[in-house]
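A short write-up of the structure that comes next.
The values are calculated or read from the model by the stated rules, or taken from the named source; none is laboratory data. On a predicted model such as this, the values are computed, not experimentally measured, just so you know. Methodologically, a virtual Cβ is constructed for each residue, glycine included, from the backbone with ideal geometry; neighbour enumeration extends over all protein chains shown.
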Amino acid sequence: MADSITVADLPAGYNAYLGYVDGLYRTYNELRLKFPGVPAVGLTVLGGFAVADGCDIETFDLTPVTGAEWTAGRLRAGAHRPISYASVSNMTSSGGVLPQLTARGIARSQVRLLSAHYGAGEHICGPGTCGLMSVDADGTQWTDQARGNGGSVIDASVLRDDFFSGSPAPVPPPSNWQEQMMRALPTLRQGATGTDVRSVQGLCTARGHSTAIDGIFGPATESAVRGVQAAARVTVDGIVGPVTWEKLMAV
């Protein structure tokens, strides 16, 4: 499986491609168009209520805690084995991905683990290979120096043969699923903190209204929200309610 934040760098011929459904580098839809018929994995870097195949747990994206929370939410929604992507050290450290999943009662069989481990050759992390994980991962991003188009370098992963197997037929959402989701989202304003604020900050930044993604709703975040509201021609008040959430999350 190949991935890059620049889709043009990705050559044909891989068995799968990885991209992002949100954040600064929303490559997933472009991947599906460029490589029709080839499996594409979509990760969220924001978490929250994002619908994706998996979540990206690394610096400036999700933490092991917020990644586990997102995974638990997707399992409750009926998702099939959501993916946790993280460095091999972040998988196993105290407070890392595996301990956080276990703390929420999420069994190993309910998720797919995609580790990142460079410098040990092409392998899937586990006790019988690199020895850095006590369980076998489902795939490992083993290099960030694979050959891409035009002399570029890209990331490459090796996956288990059953990585894409067993997915059940998708269950159609209720007819009013968007309305239900919007009602469940909190109203946020200056002074708010937490994962939902990070989601707002990431979505604002992705729409060209940059702000730090630190989970603190301060003046800079309010200014970014006002910019999104003005561009969407809705009430400009710096408060993230149902209408603003809808504009932030629009594809």
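Computed quantities for the displayed model
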{"item": "Filter result for the condition that a residue is out of contact with any Pro (no Cβ under 6 Å at 6 or more places or on another chain), hydroxyl-bearing (Ser, Thr, Tyr) and crowded, with 16+ Cβ neighbours inside 10 Å, over Thr193, Thr187, Thr244, Thr235", "result": "Thr244"}
{"item": "Residues (touching a Cys at 6+ places or on another chain (Cβ under 9 Å) and of a type in the set (Val, Ile, Thr)) located in the stretch 60-91", "result": "Thr66, Thr71, Ile83, Val88"}
{"item": "Residue list for the stretch 192-211, filter: among the polar types (S, T, N, Q) and either more than 16 Å from Tyr25 (Cβ to Cβ) or not in a loop (DSSP other than H, G, I, E, B) (or both)", "result": "Thr193, Thr195, Ser199, Gln201, Thr205, Thr211"}
{"item": "Verdict on Ile154 being within 30 Å of Ala12 (Cβ to Cβ), at pLDDT 80 or above and hydrophobic (A, V, I, L, M, F, W, C)", "result": "yes"}
{"item": "Elements of type strands (runs of 3 or more DSSP E) in the stretch 40-144, at least 3 residues being farther than 21 Å from Ser157 by Cβ and not aliphatic (A, V, I, L, M)", "result": "none"}
{"item": "Hits in the stretch 1-49 - residues which are in contact with a helix residue (DSSP H, G or I) (Cβ under 8 Å, 6 or more places away or on another chain), more than 23 Å from Thr71 (Cβ to Cβ), buried (at least 17 other Cβ atoms within 10 Å of the Cβ) and in contact (Cβ under 8 Å) with a residue 40 or more places away in the chain", "result": "Asp9, Leu10"}
{"item": "Check on Arg74, farther than 21 Å from Tyr14 by Cβ and of a type in the set (D, E, K, R)", "result": "yes"}
{"item": "Selected residue (criterion: farthest from Ala120 (Cα to Cα)) from residues of the stretch 75-104 that are touching a residue at least 12 places away in the same chain (Cβ under 8 Å) and basic (Lys, Arg)", "result": "Arg104"}
{"item": "Hey, Gly218 farther than 29 Å from Tyr17 by Cβ, modelled with pLDDT of 90 or more and of a type outside the set (A, V, I, L, M) or not", "result": "yes"}
